[in-house]
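This is the structure I want to talk about, given as structure tokens.
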Amino acid sequence: MSASTYPYLFATLGEAAHQLPHDIAPALEATLTATQAANAPGGPTLLACRGLSEYVDVQLQAA
């Protein structure tokens with residue numbers, strides 16, 4: 001895995017990106033790329049995505 005192949009992943013995680021399994025790196029890079037492209041006022045953020053994920057988990061556990 002290299003910074004030239006996954007630039008957003010390495011910009012976000014630094015050297016820790018080397019420890020990721022190779023099968024999830026492309027999905028994470030695609031997610032980071034999409035959020036950068038939509039990085040505008042009111043656009044999605046990684047923190048908001050995490051919050052939504054936690055909310056869904058809580059709702060599923062309560063069901």
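Here, each number is a calculation from the coordinates, and none is a lab measurement. Being a predicted model, the structure only gives us computed values, none of them experimental. We place every Cβ from the backbone using ideal geometry, glycine too, and count neighbours over all the protein chains shown.
What does the charge add up to near Ser2, with Lys and Arg as +1, Asp and Glu as -1, over the other residues with Cβ less than 13 Å from its Cβ?
-2
While we're looking at this one, here's another question. If you plug each phi of the stretch 11-17 into the Karplus form 6.51 cos²θ - 1.76 cosθ + 1.60 with θ = phi - 60°, what whole-Hz ³J(HN,Hα) values come out, in order, with x for Gly and Pro?
5, 7, 9, x, 5, 4, 4
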